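Here the structure is laid out as C-alpha cells; the discussion comes afterwards.
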C-alpha cells in the first residue's frame, strides 16, 4: 500500500532478484578473459558476480512465500525503470572492486551508459583497463540490447507508449489475444536472432584478424547499438574490412528485429514493403552520398575512404551506435552539422537503436503534409497511412506528444548542462548524445573527446537522460507523476 | 483557372491595389520629418509614395469591372501571403530611391523585417540615415502590427490554423455566425486600442525628453513588437525612465489585444482569469527575478540596474520585440542561455508578438501532463482544460502539428544557414531570431551584431523565415502544397 494504490512489490522484487542472478552470471562470463590476460585484480569479476547473484538469491528467498502472480501496468512501469537502475548499480561492482574506475559517480555513469546502449564514456585511456573489465563493459551493452528488444517489441506496445503499439499488428506470432505466450514466444525468437547476428559478426571480425576478445566486444557493441570499443581510437585503427563488417551489422542492429525474422523466413519482399525500413535505407544512403561527394571535393579524400568514412559515421549516428572512424567535427563546415541533425533521428522502432526513431518521424512528416491538406479540405477526413493501412488519429496524437516531450527534455537538458558551466556546443552535444543513447556528441564530448570532465552533478543528470531516452521517456516520467501513485 | 481550381484573382488584385494605396499614404506621413530634418534626397518618400499609390490605383482601375465579391479560404490564404510580399516589395522604394540602402537584397530584407515586425537589420550605422527614411523604417513595423492584429484575431481563427480558433470564443463582438460584420467590428475596436496605446506611449516618451520623431518611431517599434530603433545603441543610451516606459508597453504589446478591450471596459477580473495572460506574467517575472539575482551576484551590478536590464531583456525577447539595453551575450554563463531558450516562447496569441506563442506552449505542457495520466488510465477520457473549458482534441492536435513543423523548420533553417558557411551559434541564432520575428539572436547576429554580413542567399532565406513565422507557418506553406492548387 503506497498512498492508497496497491502495488505488488513482492513480485517486483522477485523479478529484480531474478535479473540480478542473471547479471551475476554474465559477470562470470568475463572471467576466462580475466585469467588469460591477467594482470592484477583478476578476481574482481568473480567477486562482483558472487555479490550480485547472491543479492538476487536473497531477494528471491525473501519473497518466496504468499506472493501474488498478478502483474498490472503499474508493476510493469516500475519493473522496467527499476531494472535498469538496479542492474546499473550492481554493474558498477567490477569497476569499483578492480579499481579500474575507483569513483562511484564515474563507475555508475559508465555502467548505465553500457546498459542503456549509449556508449558515452568517462575513460581517458580505455586500453589501460584489465581485459576482463573491458569485457564486462562491453557485455553491459549486449545485456541492455536484449532488454530493449523485449521492451520495445513486447512490453511498450502493451503499455501503449508513444505510438509503439503500431507495428505489433504486423508482428509474427500467435493471435494477439493470447498475450502472455505471445510475449514469451516473441522474445525468444528475437533473442535467437540477436544471438545469431552477434555470433555471425564475431566470426566475420575474427576472419579480419581481430582477436576473439576484441571481436566479441565489438560485436556486443554493434548489435546493441552501444558503441563501447576496446581501443582508444574506437574503430579508426582497424582495417577497412573490419569497418565494412561493422557498417553492415550496425544497419542490421538499427533495423526492426521482426523484419529479421521475416527475412530469415525468406519473406524479403515483405521486408522491403515495410515503409520504415525503406525510409531508413534511403535516408542512410542519401546522406552518405552527400557527405561522400563533399569529402572528395572539399577534403581531397580518396573515393574509397570518403565512402567508407561517410557510410560509417552516418550509420553509426543514425543507429545511435556511436562508433567512430573519423572525427566528424573536423569535417568541413556543414558536414558535421548534418551529423548533428542525424543525432535526432534514431534507429527503427523495434531495433536496439535509441533516439526519436524513424517510424515516429515518418508518421510525423506524413501527418504534417496531411495537416495542410486538412486545412484546404476542412470537412474531409484525411488519415495518415502507414504500410497501406490507416493509422488511428490517437496514435499520431501519442507520437506527437512523444516528440514534444523529447524536445522539451532536450531544451531543458541543454539548459541544465549550461547551468553547470559547459559551453553551448558541449551542452547541446552532451544532452542530445545521451538522451538519444548515441555516445559521442558535439563540442568537448565529440568523437575525440569524452565525458571525463563533465561536473559530477552533470554526470548524474546525463545518466538520468540516458535512462529517460532508452525507456522511451514515458516509462520513467510516469513514475514521477503523482497520479501514478494515487488510486 | 489555375490547374483546375478557380481562384478569384480579380478580387485578390483589388485587395492588393487597395493596400498599396494605403501604403503610399503611410509613406507620405514621413514627409514632414524629411522636410524638417532635410539633408539630401528629401523627396524620396514623396516619389515612393506616389509610385506605390499610383500602382495601387492602376490595379483598382484594371479590375473594376465584372468582379465577383465571393471570397473563399483559398483567396484568403493568397491575399494574406501576397499582401506581405507585395507591400514589402514596394516598401523598398524609399530605401532604394534615397540611396539609404542602395542594394535591393538589403532593402528587401530590411523592409520585410519591418513589416513582419521582426526588427532584424542590415544597417551598420542607423544614425547616418535621413530621418524621413528612418521614420518609414519604423512605420513599416506599425503597419505590420496592424495587419497582424486583424490576421491573428479575425482571419487565422476562421482559417483554422494552428489551433488559433481557440480564443475567438471569448472574443467580444456580435454573434459568431455573423462573420463579416464581426471581423470588421473586431478589427476596428482592436485597431482603436492599438492606436490609443501607441499615442499614450509616444506621450510618455515625450515626457522623458525624447524628440517627437524618436518618440513616435520607438512607440511604433514597441507596439508592433518590432524592434527597429533610430539609435545605433538601440535603447541602451536612453534614460531609465524611457526604458521603464518601453518595458511596460512591450508587455502591453505582447498581450492578447482582446484583453485590452476587456480591461478598458473595467473587466480587470476577467483579464486576470485568462490563463495565458497569467502564465505570460508569471514567466516574465520568474525569469527576470532569476536573472536579476544572478546579475547582482555574478556581475556586481547595482540592484536597480540589474532589475531594469533583466526585465527589459526578458520582456523584449519574450514579446519578440528585440529592443536592446544590455548585451545579453556578455552576461555570465548560463544567463544568455536562458535568453536563448526564451526566443522560442513568443508573445500571447492575439498580440503583435511572434514566435510559437504562450497559448500553444501552455496547452502543450498541459497536454503532456495529461498524456501521462492517460497512460495510467487508458480508458478514461482526460481532456485538457483551458480557462475552465475543455479544449477539443483536434485543437490540441493542430497545435502539436504547428509545434512540430516549427521545430522542423528551425532545424532545416539552421542547416541551410550552416550550409552558407555560418558558425553554429550564428546559424542557430539567425534562424530562431527571424523565424520567431525577434530580431537580435545569438552569435554574430546578437544584440551587438547585425545581419549585414549574412551572404546574399541567406538574406533571402531569412526573409522567407520571417514571413513564415509571422504568418503562422501554414498560411505560407499551404501555398507551396500542390493540393492547394488542385480542385
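The values are calculated or read from the model by the stated rules, or taken from the named source; none is laboratory data. Everything quoted here is computed from the prediction, not taken from an experiment. Cβ: placed from backbone, ideal geometry, glycine included. Neighbour counts: every protein chain shown.
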Condition test on residue B:365, is it in a helix (DSSP H, G or I) and either at positive phi or assigned by TED's automatic domain parsing to the domain that holds residue B:473 (or both)? no
Screening B:345, B:281, B:271, B:314 for residues that are under 20 Å from the mean Cα position of the chain (by Cα) and at pLDDT below 95 leaves only B:345
Within region A:411-422, of all residues that are assigned to a helix (DSSP H, G or I) and at the interface with another protein chain (Cβ under 7 Å from one of its Cβ atoms), the one nearest to residue A:451 (Cα to Cα) is A:418
Expected single match for within 26 Å of residue B:128 (Cα to Cα) and in contact with a helix residue (DSSP H, G or I) (Cβ under 8 Å, 6 or more places away or on another chain) among B:254, B:227, B:237 is B:227
Take residue B:18 and tell me if it is at pLDDT 90 or above, closer than 19 Å to residue B:98 by Cβ and not in a loop (DSSP other than H, G, I, E, B).
no
Among helices (runs of 4 or more DSSP H) completely within region B:75-155, the ones holding 3 or more residues that are closer than 24 Å to residue B:12 by Cβ and either assigned by TED's automatic domain parsing to the domain that holds residue B:49 or without any contact (Cβ under 8 Å) to a residue 12 or more places away in the chain (or both) are B:104-115, B:131-150
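Is it fair to say residue B:93 is buried (at least 19 other Cβ atoms within 10 Å of the Cβ) and over 30 Å from residue B:453 (Cβ atoms)?
Numbers: buried (at least 19 other Cβ atoms within 10 Å of the Cβ): yes; over 30 Å from residue B:453 (Cβ atoms): no.
So residue B:93 fails the test.
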| message | When you check residue A:326 against the structure, is it in a loop (DSSP other than H, G, I, E, B), farther than 28 Å from residue A:259 by Cβ, away from every other protein chain (no Cβ under 11 Å) and modelled with pLDDT of 85 or more, yes or no? | response | yes
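Among the residues of region A:467-487, what is the count of those that are touching a strand residue (DSSP E or B) at 6+ places or on another chain (Cβ under 9 Å) and not in a loop (DSSP other than H, G, I, E, B)? Steps first, answer last, please.
Initially, region A:467-487 is screened for residues touching a strand residue (DSSP E or B) at 6+ places or on another chain (Cβ under 9 Å), giving A:484-487.
Narrowing further to those that are not in a loop (DSSP other than H, G, I, E, B): A:484-485.
Looking only at that region, the number is 2.
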Over region A:29-69, the set of residues surrounded by fewer than 16 Cβ atoms within 10 Å (Cβ to Cβ) and assigned to a helix (DSSP H, G or I) is A:32, A:35, A:36, A:47, A:50, A:54, A:57, A:58, A:61, A:62
The residue from B:396, B:408 that alone is at the interface with another protein chain (Cβ under 8 Å from one of its Cβ atoms), assigned to a helix (DSSP H, G or I), surrounded by fewer than 24 Cβ atoms within 10 Å (Cβ to Cβ) and within 24 Å of the chain's Cα centre (by Cα) is B:408
Check your understanding: Looking at region A:335-356, is at least one residue within 28 Å of residue A:239 (Cα to Cα), out of contact with any helix residue (DSSP H, G or I) (no Cβ under 8 Å at 6 or more places or on another chain) and more than 11 Å from chain B (Cβ to nearest Cβ)?
Key -> no
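Name every residue in region A:370-383 that is touching a strand residue (DSSP E or B) at 6+ places or on another chain (Cβ under 9 Å) and within 11 Å of chain B (Cβ to nearest Cβ), in order of residue number. Spell out how you get there, then give the answer.
First pass over region A:370-383, keeping only residues touching a strand residue (DSSP E or B) at 6+ places or on another chain (Cβ under 9 Å): A:370, A:383.
A:370, the sole residue that qualifies.
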Does at least one position in region B:62-72 carry a residue that is touching a residue at least 24 places away in the same chain (Cβ under 8 Å) and within 14 Å of chain A (Cβ to nearest Cβ)? yes
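Residue under question is residue A:457, and the condition is that it be assigned to a helix (DSSP H, G or I) and either at the interface with another protein chain (Cβ under 8 Å from one of its Cβ atoms) or touching a helix residue (DSSP H, G or I) at 6+ places or on another chain (Cβ under 8 Å) (or both); does it hold? Before the answer, list the steps.
Details: assigned to a helix (DSSP H, G or I): yes; either at the interface with another protein chain (Cβ under 8 Å from one of its Cβ atoms) or touching a helix residue (DSSP H, G or I) at 6+ places or on another chain (Cβ under 8 Å) (or both): no.
For residue A:457, the condition - assigned to a helix (DSSP H, G or I) and either at the interface with another protein chain (Cβ under 8 Å from one of its Cβ atoms) or touching a helix residue (DSSP H, G or I) at 6+ places or on another chain (Cβ under 8 Å) (or both) - is not met.
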Checked region A:430-453 for anything farther than 20 Å from residue A:223 by Cα, modelled with pLDDT of 95 or more and crowded, with 24+ Cβ neighbours inside 10 Å; matches are A:430, A:431, A:451
Residue A:464 meets each of (1) in a helix (DSSP H, G or I); (2) over 30 Å from residue B:377 (Cα atoms); (3) modelled with pLDDT of 95 or more with one exception, condition (2)
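Identify all residues within region B:429-451 that are part of a helix (DSSP H, G or I) and more than 17 Å from residue B:407 (Cβ to Cβ); write none if there are none.
Filtering region B:429-451 for residues part of a helix (DSSP H, G or I) gives B:429-435, B:443-445.
The answer is B:443, B:444, B:445.
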When restricted to B:71, B:12, B:79, B:7, the only residue in contact with a helix residue (DSSP H, G or I) (Cβ under 9 Å, 6 or more places away or on another chain) and within 30 Å of residue B:134 (Cβ to Cβ) is B:79
Exactly one of A:222, A:230, A:258, A:320 is in a loop (DSSP other than H, G, I, E, B) and crowded, with 24+ Cβ neighbours inside 10 Å, and that one is A:320
Would you confirm whether or not region B:190-203 contains a residue that is at pLDDT below 90 and in a helix (DSSP H, G or I)?
yes
The number of residues in region A:464-487 that are crowded, with 24+ Cβ neighbours inside 10 Å and away from chain B (no Cβ under 14 Å) is 4
